[in-house]
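Peer 1: Structure incoming, see below.
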Amino acid sequence: MHYNMDKFTLIKYLFLINALLIVMPRAANAYIDPGSGSFIFQLMIGAALGGLVTLKVYYRSVKCWVARMLTRDKKDSVDKLKL
């Protein structure tokens, strides 16, 4: 995709990016305390288990749908044979 950008817009964006880089600090002197680490760990465990439950529910619904389709096909073929 080709963007048609004039020189003024390009200069405006470059000025904005440079201004943000000047204002932002170079290094972050921060740490993660043990409570935050365990919270992040719990979030990951919860997301993984939630994903597994979601897969289980969708697997069951697809499995039931396929079973209904197969039994309907067999039932239709038996009805056709009786005619």
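Every number here is computed from the coordinates shown, using simple stated rules; none is lab data. Note that the structure is a prediction, hence the values are computed from the model and not measured. Counting neighbours? That spans all protein chains shown, and the Cβs are built from the backbone with ideal geometry, glycine included.
Peer 1: For the residue pair GLN42 and ILE11, what label-to-label distance in nm results when each label sits 7 Å from Cα along the Cα-to-beta-carbon direction?
Peer 2: 5.4
Peer 1: Please identify every one of the chymotrypsin sites (Phe, Trp or Tyr not before Pro) in segment 1-64 that sits in a loop by DSSP and has no more than 12 other beta carbons within 10 Å of its own beta carbon. Kindly include the intermediate steps, with their values, before the conclusion.
Peer 2: On the way: sites: TYR3, PHE8, TYR13, PHE15, TYR31, PHE39, PHE41, TYR58, TYR59; in loops: TYR3, TYR31.
In loop regions of segment 1-64 (DSSP not H, G, I, E or B), the sparsely surrounded chymotrypsin sites (Phe, Trp or Tyr not before Pro) are TYR3, TYR31.
Peer 1: How large is ³J(HN,Hα), in whole Hz, for each residue of segment 7-12 in order, when computed from phi with the Karplus curve 6.51 cos²θ - 1.76 cosθ + 1.60 and θ = phi - 60°, using x for Gly and Pro?
Peer 2: Values, residue by residue: 5, 5, 5, 5, 5, 4 Hz.
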